[in-house]
1. Considering each of 134, 127, 155 in turn, give the residue that is in a helix (DSSP H, G or I) and within 13 Å of the chain's Cα centre (by Cα).
2. Report yes if some residue within the stretch 114-135 is under 21 Å from residue 87 (Cβ atoms), at pLDDT 95 or above and touching a helix residue (DSSP H, G or I) at 6+ places or on another chain (Cβ under 6 Å); otherwise report no.
3. Does residue 99 satisfy the condition of being modelled with pLDDT under 95 and surrounded by 15 or more Cβ atoms within 10 Å (Cβ to Cβ)?
4. Out of 46, 71, 50, which single residue is without any contact (Cβ under 8 Å) to a residue 40 or more places away in the chain, assigned to a helix (DSSP H, G or I) and under 30 Å from residue 91 (Cβ atoms)?
5. Please pick out the residue among 88, 104, 109, 145 that is farther than 23 Å from residue 40 by Cα, buried (at least 16 other Cβ atoms within 10 Å of the Cβ) and touching a helix residue (DSSP H, G or I) at 6+ places or on another chain (Cβ under 9 Å).
6. Restricting to the stretch 143-152, and then to whatever is in a helix (DSSP H, G or I) and farther than 19 Å from residue 56 by Cβ, can you tell me which residue is farthest from the chain's Cα centre (by Cα)?
């Protein structure tokens, strides 16, 4: 189905690496020495975020966009986001809102997107700017909340900004799916 060149392209290898960082993040967050836990976990998440940026940059700049990459990159993104949000909701209860929005947004994209694709053989383009901004803010806020002791009010404000951006992205993608559903295909 996928060629060897696609499977072993640099951007796709970076995606595999990002997926492998998920259990590393969990381990460092829950099982590291308390003194090191926050910095190690934040570093793992930072490396994951940088490889996310890097794989997209390399794929676009060097024309290495593959069908496998179009599948695996969002999986790596969603898996990382979901695990981080679920992990942080224990330390920051407001993260439950992010978990709910992630499930709703990604569920909508998956289920409605699959339905539209089955009916019309069209799908939404890759990530759009509102989604990219929301994701970037999510990771910056998450890294800061893991790495530093942030007072409750400030932490909740940071989480609220992230929630608002995620909702905007969800509405934007919902609108895109609606427009696709109304589109005539021949």
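1. Answer to the selection: 134.
2. yes
3. Numbers: modelled with pLDDT under 95: no; surrounded by 15 or more Cβ atoms within 10 Å (Cβ to Cβ): yes.
Here the answer is no, as residue 99 does not meet what is asked.
4. Details: 46 fails: without any contact (Cβ under 8 Å) to a residue 40 or more places away in the chain; 71 fails: under 30 Å from residue 91 (Cβ atoms).
After applying the criteria, what remains is 50.
5. Step by step, each of 88, 104, 109, 145 is checked, and only 109 is farther than 23 Å from residue 40 by Cα, buried (at least 16 other Cβ atoms within 10 Å of the Cβ) and touching a helix residue (DSSP H, G or I) at 6+ places or on another chain (Cβ under 9 Å).
6. Residue satisfying both the conditions and the ranking: 152.
The values are calculated or read from the model by the stated rules, or taken from the named source; none is laboratory data. None of the values given here were measured: they were computed from a predicted structure. So basically every Cβ, Gly included, is an ideal-geometry build from the backbone, and we count neighbours across all protein chains shown.
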